[in-house]
Each structure stands twice: as C-alpha cells, then as structure tokens.
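Notes to accompany the following structure.
Please treat every number below as a calculation from the coordinates, not as lab data. It should be emphasised that the depicted structure is a prediction, and the values quoted were computed from it without experimental measurement. FYI the Cβ positions are ideal-geometry reconstructions off the backbone, even for glycines, and counts take in every protein chain you see.
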C-alpha cells in the first residue's frame, strides 16, 4: 500500500465572501470598471467643487467674454475651458453642475425606488383589487412618454429644480413597481415564505424582511440605470427651461443659456454636452456590470 504524503494534498480553496464574489464578477466587465472609476471621480469633483474649481460658478469676468479654451488662439490659463457669453468660467460651472446633477439623480432614484418598492410589494403580495388598481395606474403612466409627462407636471407646478425632481420621480415609478411586483410573484410561492407563514409571520414581516432582500438584485441594476435616466431627463428639462433656473450651474441649463453661440463659440455647448454624455454612459456601463455580478444566471 502506498502512503500518501499529507503535505502533497492541496488544501480546499477558501470560499469567497459575498463582497469578494461580487467584485470577482464585476471586474470581469472592463467597461463597468471604467464607468465606476469615472463615477467616483465625478462624485469627488462634486463634493470638493469648492476647492477644485478655479472660480465661483456665478463669478463674471467682463473682460473675458466668450474666451476660447487654453489651447486655442486667444485662450488663457486662467480659464482652461474658456468662458461663456457673460464671462463665467466654463470649467468651474461644470464642476458645480456635477454637484447639482448628481444630487438630483440620487434624490430621484431614492424616492422612486422607495415608493416603487412599497407599491410593488403591496401589489405582488396582497394582490386582488389592490394589485389591479396599482397596475392599471402603472399601465396608464407607461402609455405616456416619460419626458412629456414630466414636462406637463413641471408646467402645472412651475419650473424649478425641486418640481422637476419630483416630476422625474413620478415618471420613474412604474419601472420599479413592475420590477418589484414581478420579483415578489416569483418569491411568494417559495417554501421559505410558506414556512414563515406557518410560523406566524405577519404580512409586513413577510414583505419587508423575508421577500424584499431576495428581490434586491434586479432593483439595484434598475436603480443604476435609472440614475443615468434621471441625469439625462433633468438635463433635458433644464435645456427646455423647465428645470434649474439661471444662474444655477446645471448642465442642461448651461446648454440652454448659450445655444445661440453654438457656431461662433463651440466650447460653451460642447463641454456640457460631453460631460452629460460621459456621465450617462458611465452609469449605463456600471449597470451592465452590476447585472453581470448580481444575476445568478450570468455567473459561471
């Protein structure tokens, strides 16, 4: 009989923690990692805009109207990305605009996610007439273009950053309600829900303690994509004059204020547009990575 050397036996691999497993699958999507890095940079810029911005967002330099970027003839190192039609530094307004745009996106996603989860849980778990009423309202909301519905709501309550945020929260609700309801209808028939009911768990405990944690993965992915939609829609409302009002530094409002200079001063339109494009793209890429990391069907 041969003796097996105990030292030659390989030790079993140490199981990964949930966070390690998430990062293992998330980092395989290079685009998602790039999007995450960009978002982190934008968040840091938004937080420390007061320290990083070379000038104030509303500070005007009357001797430097429509000054081009530093690398173009006539540019100045004092205004790296040039100035707008009233002499405000474009780079500084972009930095302060990141603070407002990200804050609005965060508020819209949080409010719509919380309300959507509550209504979706009620519709999926209780069912009956309540489910029918909620889903018919959702169908009506989805039948209308989201941006048009937001425009109508802002027009009714008046153009402001708060009213625009609340309007975007309202139009984002249907997606979270339907997603939560679909996940609840799958989970409610599982054995652990039945066992909890037999043990005497009430409806609130079933919905928020037992069922909701198992429905979070698709909701997290939808929230990341909803963040990009909120930023894009807020920029659209600002461009149409229904969002943040001048001189508030907001990316969509920056585009609206200088649209007439699009041909003579390309930088006042290009840089806000590029920042909106890259930010929305980053959130979409990160959403793809979250889907890959959280969806068990995509894990090998």
With R₀ set to 25 angstrom, the calculated FRET efficiency between the beta-carbons of residue 129 and residue 209, to the nearest 0.05, is 0.50
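Let a ≥ b ≥ c be the square roots of the eigenvalues of the Cα gyration tensor of the stretch 98-159; is it rounded (a/c under 1.5), or, if not, prolate (a/b larger than b/c) or oblate? Show your work: numbers first, answer last.
Numbers: a/c = 3.22, a/b = 1.54, b/c = 2.09.
Because a/c hits 1.5 or more and a/b fails to exceed b/c, the stretch 98-159 counts as oblate.
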When the scattering of the stretch 162-290 is computed by the Debye formula from its Cα atoms alone, each counted once and equally, what is log10 I(q)/I(0) at q = 0.13, 0.14, 0.15, 0.16 Å⁻¹?
-0.68, -0.74, -0.80, -0.85
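Based on the mean of other Cβ atoms within 10 Å per residue, sort peptides 97-108, 14-25 so the most packed one is first. Mind showing how you got there, number by number?
Values: 97-108: 21.7, 14-25: 11.0.
The most tightly packed comes first, giving 97-108, 14-25.
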Value of relative contact order over the chain, rounded to a whole percent, pairs C-alpha under 8 Å and six or more apart:
24
What FRET efficiency do you get for residue 59 and residue 192 if R0 is 45 Å and r is their Cβ-Cβ distance, rounded to the nearest 0.05?
0.15
Could you please state, rounded to a whole Å, how far the C-alpha centre of the stretch 15-89 is from the C-alpha centre of the stretch 189-239?
32
What angle do you read, to the nearest 10 degrees and between 0 and 90, between the alpha-carbon axis of helix 216-239 and the longest principal axis of the chain?
20
Within the stretch 152-172, whose backbone N sits under 17 Å from a point 7 Å along Cα→Cβ of residue 118?
166-167, 169-172
Among 85, 139, 257, which one moves the most in a GNM of the chain with springs linking Cα atoms closer than 10 Å?
139
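Can you classify the stretch 223-291 as rounded, prolate or oblate using the Cα gyration tensor, where a ≥ b ≥ c are the square roots of its eigenvalues, rounded means a/c under 1.5, and otherwise it's prolate if a/b beats b/c and oblate if not? Before the final figure, lay out each step's value.
On the way: a/c = 3.60, a/b = 1.79, b/c = 2.01.
It is oblate, given that a/c is not under 1.5 and a/b is not larger than b/c.
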Just 175, 55, 189 to compare: in a GNM of the chain, with alpha carbon springs under 10 Å, which one fluctuates most?
189
Compute the helix-to-body angle for 128-143: its Cα long axis versus the longest principal axis of the chain, expressed 0 to 90° and rounded to tens.
30
Give the label of the value calculated from the structure for Kirkwood radius over Cα pairs in Å, choosing from (i) 19.7; (ii) 22.1; (iii) 24.8.
(ii)
For the stretch 38-163, what does the relative contact order come out to in percent, with C-alpha contacts under 8 Å and a separation of six or more?
19
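Assuming R0 = 22 Å, can you tell me the calculated FRET efficiency for the pair residue 137 and residue 103, based on Cβ-Cβ distance, to the nearest 0.05? Write down the numbers at each step before the final one.
Details: r = 28 Å, r/R0 = 1.29.
Working from the Cβ atoms, E equals 0.15.
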Residue 30 and residue 162 label points (each 7 Å along its Cα→Cβ direction) are spaced in nm at 4.7
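At 222 nm, what helix-only mean residue ellipticity would the chain give, in deg cm²/dmol to the nearest 500, using -39500 (n - 2.57) for each DSSP H run of four or more? Can you show the working numbers first?
Details: 11 runs with 190 residues, N = 300.
Estimated from H runs of four or more residues: -21500 deg cm²/dmol.
Compute the Cα gyration tensor for the stretch 1-140, then decide on rounded, prolate or oblate, letting a ≥ b ≥ c be the square roots of its eigenvalues: rounded whenever a/c is under 1.5, prolate when a/b is larger than b/c in the other cases, and oblate in all that remain.
Values: a/c = 4.28, a/b = 1.41, b/c = 3.04.
Judged from the Cα gyration tensor, the stretch 1-140 comes out oblate (a/c at least 1.5, b/c at or above a/b).
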